[in-house]
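Worksheet: one structure, shown below.
The values are calculated or read from the model by the stated rules, or taken from the named source; none is laboratory data. Fair warning: this is a prediction, and the values are worked out from it, not measured in the lab. Counting neighbours? That spans all protein chains shown, and the Cβs are built from the backbone with ideal geometry, glycine included. Accessible surface is based on the protein model in full, side chains and every heavy atom, while ligands, DNA and RNA are left aside. Shrake-Rupley method; radii C 1.70, N 1.55, O 1.52, S 1.80 Å.
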Amino acid sequence: MRKLLRPLPHTWMALLLACCLGLLAACGGGDDDPVPAPASGSLLVTIGGLPAGVAAAVTVTGPASYSKALTASSTLAGLAPGAYTVSAASVLQGTGSLAPTPATQQVQVNAGATASAMVSYAAGAPLALTLQEVATGLNAPIFLTAPAGDSRLFILERAGRIRVVQNGNLLATPFLDISTLTTTSGERGLLSLAFHPQYARNGYFFIYYTNLAGDIVIERRQVSAGNANVADALSALTIITIPHPTFSNHYGGLLSFGPDGYLYAGTGDGGSAGDPPRNAQNTNVLLGKLLRLDVNASTVAQPYVIPSGNPFVGTAGARGEIWAYGLRNPWRYAFDVPAQLLYLADVGQGNREEVNVRPVGQAGNNYGWNIMEGTQCYNSASCSQAGLVLPVVEYGHDSAGGCSITGGYVYRGTALPELAGHYLYSDYCSGWLKSFSDSNGAASAVTDWNISNVGNILSFGQDSQNELYMLSGTGKVYRIVRK
């Protein structure tokens with residue numbers, strides 16, 4: 001045992017020490033390796049000048065297809081070294097805009113460092129509107145529309161003609177002439193046009209007019225096979241005829257395809273003052289209503305089908321075609337598809353003009369006539385408002401108001417981004433142009449655009465690019481443009 005514990009010779013001690021040193025080196029026990037340099041950097045983007053609740057519109061782009069959208073100040077980490085571009089766009093506030101400075105800047109991001117960029121917003125010049133004449137010499141231009149994706153304008157003359165503006169020129173030959181089928185007595189005539197959503201494929205369009213007996217006629221027509229600027233004169237298919245006896249006013253008159261693909265029609269209450277037969281509140285007649293029809297497979301035998309979701313389907317003593325009721329003379333209404341809202345302008349009796357705003361899919365609304373005129377009880381000191389839709393905007397018959405509302409559209413074009421989401425409307429007598437934005441059932445950003453001296457405003461129009469037009473009793477059509 002003592003021999004085993006005898007001290008090792010020096011040679012063995014040297015070998016043991018060398019092995020230990022080798023093991024220590026393998027385990028990293030020697031000097032530390034150099035720390036690698038950082039491979040990425042950061043960018044601090046500071047955004048100022050925006051009111052609370054207003055989001056910025058800043059985009060950062062850089063190497064390796066990097067792209068990041070920012071709505072507020074932010075630090076972007078883990079960026080590859082290189083040049084980055086910070087681009088800022090104007091943002092909307094009401095009907096004005098806030099402009100960025102600078103709009104574009106270059107920033108160099110280095111590894112291991114934080115670069116910085118600053119964007120400052122400030123109020124730009126307020127939006128101002130004016131009217132640009134696009135057609136003249138028309139006979140009571142009563143409506144303007146266009147098929148989807150079509151650069152032409154189709155303008156209706158109340159006497160029964162549909163005119164075409166192509167490449168800025170008003171064509172001499174009408175697209176359609178039904179002047180022998182209608183009359184302009186009272187409020188009668190050719191009142192509106194709706195192109196089928198698949199018009200480019202099937203060539204179908206629908207017209208709303210009064211016949212010589214004064215009844216409302218909704219009719220399907222088709223473009224001719226050989227000329228896109230002329231309709232086929234022999235293609236008429238009557239969808240529905242609605243009796244309108246006794247009086248020559250209050251025909252409503254707008255056809256429009258809703259976002260659900262169904263055809264809507266706004267009818268007046270039958271005329272006279274005060275709705276003597278109480279048609280608007282009677283769900284067994286089609287006057288004073290907003291109708292919804294399925295016309296996507298119309299035939300002579302079955303010109304339309306009543307959609308199963310209509311509120312009075314299967315209800316005794318009610319017409320299944322009705323979507324909403326309680327209307328006096330809904331001269332114009334409009335679907336705002338992005339917001340899924342229906343804007344309905346109803347002409348008042350003697351005191352109040354109104355705009356109603358309801359969800360697109362909400363069926364069975366009672367807009368109140370002739371129980372109420374706007375927010376006022378009609379011919380009564382008090383009335384029950386239970387179950388009635390009250391207007392979002394109304395105005396009186398006075399020097400600041402007018403006499404008969406002309407409903408328009410919610411702006412969804414591209415030329416005037418400050419107007420996005422704002423509903424434009426006018427008055428037949430006063431001829432002004434006003435707008436508002438719906439905010440959860442309340443009007444905000446109410447604006448008078450200081451438009452005047454353009455005559456009686458008969459209607460608004462909308463082209464395939466969602467730009468808006470005003471049609472004047474002077475025979476002129478104007479596009480609403482930036483001043």
Exercise for the section: Check 451, 457, 405 and return the single one that is crowded, with 21+ Cβ neighbours inside 10 Å, in contact (Cβ under 8 Å) with a residue 60 or more places away in the chain and of a type in the set (A, V, I, L, M). Expected result: 405
Practice task
For residue 428, state whether it is under 20 Å from residue 139 (Cβ atoms), surrounded by 18 or more Cβ atoms within 10 Å (Cβ to Cβ), in contact with a Phe, Trp or Tyr (Cβ under 8 Å, 6 or more places away or on another chain) and hydroxyl-bearing (Ser, Thr, Tyr).
Solution key: no
Problem - Breaking point among (1) on the phi > 0 side of the Ramachandran plot; (2) in contact with a strand residue (DSSP E or B) (Cβ under 9 Å, 6 or more places away or on another chain), for residue 231 - result: (1)
Handout entry: Unique match (being among the hydroxyl-bearing types (Ser, Thr, Tyr), open to solvent by 30 Å² or more (accessible area, probe 1.4 Å), at negative phi and without any contact (Cβ under 8 Å) to a residue 40 or more places away in the chain) among 104, 114, 136, 130
Key = 104
Exercise for the section: Out of the residues in segment 304-323 that are free of Cβ contacts under 8 Å to residues at least 24 places away in the same chain and among the small types (Gly, Ala, Ser), state the one that is nearest to residue 261 (Cα to Cα). Expected result: 308
Problem - Hey, residue 347 β-branched (Val, Ile, Thr) and open to solvent by less than 10 Å² (accessible area, probe 1.4 Å) or not - result: no
Fill in the blank from the handout: Okay, strands (runs of 3 or more DSSP E) sitting entirely in segment 247-315 with 3 or more residues that are closer than 25 Å to residue 186 by Cβ, at pLDDT 95 or above and open to solvent by less than 10 Å² (accessible area, probe 1.4 Å), I get 263-266, 289-293
Completion exercise
Filtering segment 51-68 for residues that are surrounded by fewer than 12 Cβ atoms within 10 Å (Cβ to Cβ) and part of a strand (DSSP E or B) leaves a count of 1
Fill in the blank from the handout: Of the residues in segment 139-155, those that are surrounded by fewer than 21 Cβ atoms within 10 Å (Cβ to Cβ) and either over 23 Å from the mean Cα position of the chain (by Cα) or of a type in the set (S, T, N, Q) (or both) number 3
Handout entry: Positions within segment 56-89 being farther than 12 Å from residue 44 by Cβ and among the aromatic types (Phe, Trp, Tyr), in sequence order
Key = 66
Problem - Among residues of segment 399-432, those that are over 16 Å from residue 127 (Cα atoms) and among the hydrophobic types (A, V, I, L, M, F, W, C), counted - result: 6
Handout entry: Top-ranked residue of segment 365-381 - restricted to ones that are touching a residue at least 40 places away in the same chain (Cβ under 8 Å) and among the hydroxyl-bearing types (Ser, Thr, Tyr), ranked as most open to solvent (accessible area, probe 1.4 Å)
Key = 378
Handout entry: Residue count for segment 80-117, restricted to those that are in contact with an Asp or Glu (Cβ under 6 Å, 6 or more places away or on another chain) and assigned to a loop (DSSP other than H, G, I, E, B)
Key = 1
